[in-house]
Structures are given as C-alpha cells and as structure tokens.
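Notes follow once the structure below has been shown.
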Amino acid sequence: MFLPICVNVWLHRSRPPGTRSLADLSAPELAEGVESVEGAEPHVEAVKFAPFVKIFDYQMLRSESFRIWLMLAPALAIIVLLFVGGVFVGLGQSLDYMPIIGLETPTARHYLNILTDPDFYTSLVLTLYIALTSTLLAMVLAIAVALLLRRHFTGSRIVTFIFQLPLPVPHLVAAAGMVLLLTQSGLLARLAHQAGWLEQPNQFPVLVFDRWQVATILVYLWKEIPFIGLVVLATLKGVGQEYEEIAQTLGANRWQRFRYVLLPLLMPGLITTGIIVFAYVFGSFEIPLLLGQRYPNVLPVTAYRAYIDPDLNQRPESMAMGMVITVIVIVLLNLALRFSRRIRQEG
Amino acid sequence: MNRFLRGSAVTILIVGVLLPILSQVIWSFAGSWFFPALWPQQWGVKAWRYLLSPSSQVGVALWNSALLACTVVGLAVIIGLPAARVLGLHHFRGKQWVTWLITAPLFVPTLVVIMGIHILFIRYNLADTFMGVVLVHLIPALPYFILVMSSVFANYATEFEETARTLGADPLRTFWYITLPTIFPGLTVAMLFTFLVSWSQYITTVLIGGGRVVSLPMILFPFISATSHANAAAVSLVFIFPAILILILTSRTLGASSDAMGSIGRV
C-alpha cells in the first residue's frame, strides 16, 4: 500500500498529472502551439493510482515535508533499529527485563552490584585518567603543531603531508608500532643503551602492559594529534594573520596575541574535536585491552570481560556497566558543550 | 635561533609520526634482531612467507575485510545520500532531533550497542553471518558518511538541477548528469573514509561474526598481544596499505578548505 504511493509521488515529481513533456507532442501539436495540450489525457500513472490519491490527501504527499521524511526514512530506520534498538535491548538486559525469555520484573540489583564494587571506581578513575590525559595533551600539542605548520617554509607541504599520515591508519597498527618502540627491549630501550644510559633491558621503565598505560596514551596521541591539528590548521589558514597584526600594532605581545586573538577563534573547533576524541577514547577498548594490565583496566575492557565470561550471570552486569559508561559519556559531553557555549558567549 | 627551534620541532614531528611505521617495515624483514642491536643482525622474509601461506588465513581475511568494507560503503551511499541531502539543504521541523539521532552513534561507545543487540542478532540468525557483520559496521559508518556528505550538500547550489529539470530532464538523468558530477569530489572522500571505518573495525566483527567471519584485524590482534613482532609488523603493513593509498589519493582534498574536514568543525 505504501509503495505505490511512493512510486506515484516520485513519478509526479517529474510530470504533474494532466501535462505532457515536450517529447510527447506530435509535430502538428507543436505547430498548433501549446494551447491544444490543455485538453490532453492525464498521465497514465495518475489514473492508475487515483484511488490512493483520494484516500490520502494528494497535496500532502506531494508536499516538501513528505519528501523530506521519505528521504530520511531509510537512514533513520537503520539507526533506530540497530543503534537505538541495541541501546534499549542492552538496557532491558541490564535490568533483567527480557519479556521474550520470560523475565518480566525489572530489577536494579546489577547496577547496585557494580556501583558498590570498589573495583568499578578503580576502573572509572583509570578510564577518566586515560581519556582526559590523551584528549588534553592532544589538544595542546595539536595547537603547537598547527602553529608550526601554518607558515610556509622549505618542505612545509611535505611535512604537512607526513603529519596527516596517522589519520587513516587503524588504531591497531599504531598499537603494534608502539609495542615495537616501547617494550623493555624495544627501539627506545636500544637507543638508551647505545647512549650509555642503561645496561640491561629491565632498567628501561615499564611503558607497555603497565598500570598507567603510557603506551595506550601514546597510541591515542599519535592518532588524534593530527586529527585535531588539521582542524586547527584549517581554522588558522581561514582566519589569516590580520587580527594578530592589528593586535600587534595595538601593543599586544606574543602571548597576548595567542591568548586573546587566536585561542577564541580556535575554541569552537578545538572543543568539537576534543569532544569527539574524548568520547572515542572513553568508550574504546581494543588498545587498553592490548597494551594495559589485566587488572585494573578501563571500564569498557571490564565490561567486555564480563560479557564474554563463561558465567552467564555476568552478562547483565556487563550491560549495566555499558549503560553506566554511556551515561557518563553523555553527562561529560553535555558539560563540555555547556562550557563551550559559555566561552562563545564571552567571546 | 628561531630557525633552529623550528628545525628541531619539525624533526621531532617527522620522527614521531614515522618511527612507529618505519620500525614495523624493518621488523617485518628482520630474521633475527636482539637487544641491544639497533639494526637486525640477520635479514629474512620468514614473516612474509608465513603471511603468504594458506595456514595464516591472511588471504581469506584480506578478501573478507575488503568485501565487508565495500558492501558497507555501498549501503551507506544508498541509505545515507538522500538523508545527507535533506540535512544539508533543507530546514524542517524536527531537524535538530534528526541530526542528534544520526550523530549519537558517533558518541555512544559501539561496544555498548553491539553487546545489547547481539542477542537480537542471534535470535534473527544474523549472528555469525556476513550480513550481520555488515549491519553492525553500519552503526559507526552510516552516521559518519551522512555527516560528511551533509556538509558537502550544505555548500551545494540546486540551481543547475532546476535548470536541467526545466529543460525536461527526468530526476534520474538530473542526478546522473548534474548532481553526481558536482558532489563527486566530496562523495569520493566520504566513501573512502567510510571504507576505512569498516576496514578498522575489530570488536564488532569479533562479537557479531563470532569467529566465522575472519577479518584482517582479527589476524593482527593476537600477534600484537603475543608480542610476535615480525608477524605483527608484516600483517600491520598489509592492513595499513589501503589507508596509505587513500591518504595519497585524498591528501589534496583533505587540506585546509576540504568539506570532509569542515564537517568536523561544525558538528
């Protein structure tokens, strides 16, 4: 029932009922002029689907808003079914509420279980520490690199190209590279040995599979500095140097020019990319799983371990942890957005 | 002094970016390379020979990864292009909600979503199948594609389409001869990067594919965690190859004024 209407609407975008295109006209008709077309038979499709048109307001179907929602429909269907569906089924499982297998009384006990577990807070602190350190360091270093690359110098195009290199590289590849550099017998340890700073590999600090996940943070930095940096660089090139020159003639020193001229201009892009990076790092788990300790590790790793545990009772708890992660991400993003709005108003 | 400072900063930058990749190139050809040598004591192609042998499953995984990513890109284009056009060109009631809904999957951890949906996939026989994996790859890929394309459409003028239609072109011809050529550069970038989103997926493939659908990151992961350096390096280089190719293809459009980068500043 729905499909013919769509087809009908689509057909009449090209040819409203009662009209014919120039190609349909015969030579005599063309010679007589356009007036004679007025009485021509309505287009076939209009007749065929006439009943539907009567039932559903035809004008409504031809209206722009109907076409808008028709074009959005497939994408919204996928996202509602897979994404919203996934979140809600997960929420149901975390509450022990799954009518399809006969669990019909929701309970909050899995939430209570994880929220009263000290391990949860150890994980939470570790997750926050990794996400915040990576995001803030990446933002600062990205600004530094963008300031370095905004001016033309010999080879600046090649350097900018190399700077983009990590952008399309999968995180796992970056992790594999960091392992080669940072283990106690890795390239950095060998360089330190060469420089005479250490004799044995075990004198090199533990940077991989360690509690503070130095390698994890370095992987994120390697990946995200170019991402933020390119956005900052694009803003810098778009703005030009006029504002700074004006500030300079007004007597602003280097730091003042950066703090009061450049930074406010960069803030919107910085906050958006910062939010994207933070949300990604907070919720991703492949890299901490690879480069971190078994315990304690970040929340997503803990949730995943609980999910694949042979003890199926752990599953609702992993779902509950997933929901808690989601809520924390959303709350922190909201705070960041509010913060950025305040900054924009002040600017 | 200033020149010296810039020179050293640029050097640190280049070394920092290239070192993790270059050391993998060297490791993949290292026969034996023990502490504290800075250079392999012996060169060899053992890792590469292992990669080429059928027992490594690299060939199958490469094929699966490519097929998965291409299917995901195809679906993202078909499903996402109309939505991106509407979001880029039209203002309508509820637009803010739609934008919010479409970008939400980029912020909510994919792991949480797929842990929830796994049970439904098992119930409807989508778990452990190629199509099931394609569907979960769409969760991060589709929003990404729509976001990039909607910013392409935001800078798109519909006048030429209207002219074509006035001259009697049907919607299909208008799309093929007017719309497609105009959006082509942006569309290429969006497709290539959507390809990479699917190409880099690890946990979605593991959970929903259930080990039946083996992709390249699933070969790489165990090598890294077992610190099997030479093999990990070789698989990494295979895994990275399309990424580098795509970067070279798009580096011109990726620069300062690109739509793809611009979309990020405007989220």
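The values are calculated or read from the model by the stated rules, or taken from the named source; none is laboratory data. Computed from a predicted model, the values in this text were never measured in an experiment. Don't worry about glycine lacking a Cβ; one is built from the backbone with ideal geometry, like all the others, and counts go over all protein chains shown.
Across region B:176-188, what is the number of residues that are crowded, with 22+ Cβ neighbours inside 10 Å and closer than 16 Å to B:Ala243 by Cα? Number satisfying all stated conditions: 0. Of all the criteria given as (1) within 13 Å of chain B (Cβ to nearest Cβ); (2) at pLDDT 80 or above, the one not satisfied by A:Leu112 is (1).
Residues checked against (1) more than 15 Å from the chain's Cα centre (by Cα); (2) within 30 Å of B:Phe239 (Cβ to Cβ); (3) part of a helix (DSSP H, G or I):
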residue: B:Pro143; (1), (2), (3): no, yes, yes
residue: B:Val152; (1), (2), (3): yes, yes, yes
residue: B:Arg173; (1), (2), (3): yes, no, yes
residue: B:Trp176; (1), (2), (3): yes, no, yes
residue: B:Val189; (1), (2), (3): no, yes, yes
residue: B:Ser198; (1), (2), (3): no, yes, yes
residue: B:Thr205; (1), (2), (3): no, yes, yes
residue: B:Ile208; (1), (2), (3): yes, yes, yes
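Look at A:Val140 and say whether it is free of Cβ contacts under 8 Å to residues at least 40 places away in the same chain, part of a helix (DSSP H, G or I), closer than 24 Å to A:Arg294 by Cβ and of a type outside the set (Asp, Glu). In short, no.
Taken over region A:223-256, the criterion of being at pLDDT 90 or above and among the small types (Gly, Ala, Ser) is satisfied by A:Gly229, A:Ala247. Checking each residue in region B:219-242 for being more than 9 Å from every other protein chain (Cβ to nearest Cβ) and under 16 Å from the mean Cα position of the chain (by Cα) picks out B:Val238, B:Phe241. Right, B:Ala127: surrounded by 18 or more Cβ atoms within 10 Å (Cβ to Cβ) and in contact with a Ser or Thr (Cβ under 8 Å, 6 or more places away or on another chain) or not? No, not satisfied.
Considering region A:85-103, the residues that are among the hydrophobic types (A, V, I, L, M, F, W, C) and surrounded by 16 or more Cβ atoms within 10 Å (Cβ to Cβ) include one that is nearest to the other protein chains (Cβ to nearest Cβ), namely A:Val89. Summed over region B:154-171, the residues that are outside any helix (DSSP H, G or I) and of a type in the set (Val, Ile, Thr) give a count of 1.
For region A:156-190, the set of residues classified as in contact (Cβ under 8 Å) with a residue 12 or more places away in the chain, under 17 Å from A:Ser284 (Cβ atoms) and not aliphatic (A, V, I, L, M) consists of A:Pro166, A:His171, listed by residue number. Could you tell me whether any residue of region B:88-101 is in contact (Cβ under 8 Å) with a residue 60 or more places away in the chain, more than 7 Å from chain A (Cβ to nearest Cβ), hydroxyl-bearing (Ser, Thr, Tyr) and touching a Leu at 6+ places or on another chain (Cβ under 7 Å)? Within region B:88-101 (the criterion being in contact (Cβ under 8 Å) with a residue 60 or more places away in the chain, more than 7 Å from chain A (Cβ to nearest Cβ), hydroxyl-bearing (Ser, Thr, Tyr) and touching a Leu at 6+ places or on another chain (Cβ under 7 Å)), the answer is no, since none of the residues qualifies.
Residue under question is B:Ile78, and the condition is that it be surrounded by 15 or more Cβ atoms within 10 Å (Cβ to Cβ), touching a Pro at 6+ places or on another chain (Cβ under 8 Å), at pLDDT 95 or above and not hydroxyl-bearing (Ser, Thr, Tyr); does it hold? Criteria not met by B:Ile78. Output yes when any residue across region A:284-294 is surrounded by fewer than 20 Cβ atoms within 10 Å (Cβ to Cβ) and at pLDDT below 90, and no when none is. Yes, region A:284-294 has at least one match.
Taking region A:304-340 as the range and being loosely packed, with under 14 Cβ neighbours inside 10 Å and of a type in the set (S, T, N, Q) as the test, the residues that pass are A:Asn313, A:Asn334.
Exactly one residue out of A:Val281, A:Val327, A:Val331 is touching a Phe, Trp or Tyr at 6+ places or on another chain (Cβ under 9 Å) and in a helix (DSSP H, G or I): that is A:Val281.
Can you say whether A:Arg150 is facing chain B (nearest Cβ under 10 Å) and among the charged types (D, E, K, R), as far as the supplied structure shows? Yes, satisfied. Does B:Gly59 satisfy being more than 8 Å from chain A (Cβ to nearest Cβ), in contact with a Leu (Cβ under 9 Å, 6 or more places away or on another chain), of a type outside the set (Lys, Arg) and surrounded by fewer than 17 Cβ atoms within 10 Å (Cβ to Cβ)? The answer is yes for B:Gly59.
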